[in-house]
Amino acid sequence: MSEDPYISTVKEALIAEILGDVNTALTTTADLMEKLASAENSMIETAATLTVAGDNYRMAITGFTEEAKEDLTEHIENKLKTETKLSITEYRKEIREVTTNLLSESIEQRLKNNDEILILNFKKIKTRLWVVTLLSLFTAILAMTCTFFVLSQS
């Protein structure tokens with residue numbers, strides 16, 4: 001059977017179209033890689049910002065604790081002056097209990113809120129990583145499919 005020139009031209013047109021599609025896929029893949037690098041840098045910056053924010057929060061809690069200690073001590077001293085009926089040992093016991101209870105509740109509550117915020121932000125970052133991974137997998141499969149299609153046509 002002899003080769004028809006028209007069939008040869010159609011083949012060439014199809015090959016040219018496939019090569020154009022492969023070029024578009026490669027360009028899209030290159031753009032995606034740039035976007036992935038940008039997203040990675042953004043996540044690294046976000047993690048660093050969260051670390052700094054956590055440190056700042058802990059420092060604020062420490063300052064708050066010291067301030068609360070001073071205020072509580074002042075309040076207790078005023079109370080001691082007005083209530084002279086209680087003995088010194090009873091006052092000391094009361095001061096220790098009140099201080100311990102107030103500081104424990106305040107610190108536990110603030111640390112719990114900080115932990116919840118950090119957990120929520122970590123979950124958001126983890127979700128974004130999965131999306132980027134799935135997009136990369138899809139792009140790789142698409143590139144392999146186009147490559148095998150072109151190779152099988154040769």
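Just so it is clear, none of the values below were taken in a lab; they were calculated from the coordinates. All figures in this text were calculated on a predicted structure; none of them were measured in a lab. Using ideal geometry, Cβ is built from the backbone for each residue, glycine included, and neighbour counts are taken over all protein chains shown.
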Could you work out how far apart the two model spin labels at LYS93 and THR147 are, taking each label as a point 7 Å from the Cα in the direction of the beta carbon, and quote it in nm?
8.0 nm
Per the Kirkwood definition applied to all pairs of different Cα atoms, how many angstroms is the hydrodynamic radius of the chain?
22.5 Å
Averaging sequence separations of C-alpha pairs under 8 Å and six or more residues apart, then dividing by the length of the chain, give the relative contact order as a whole percent.
46 percent
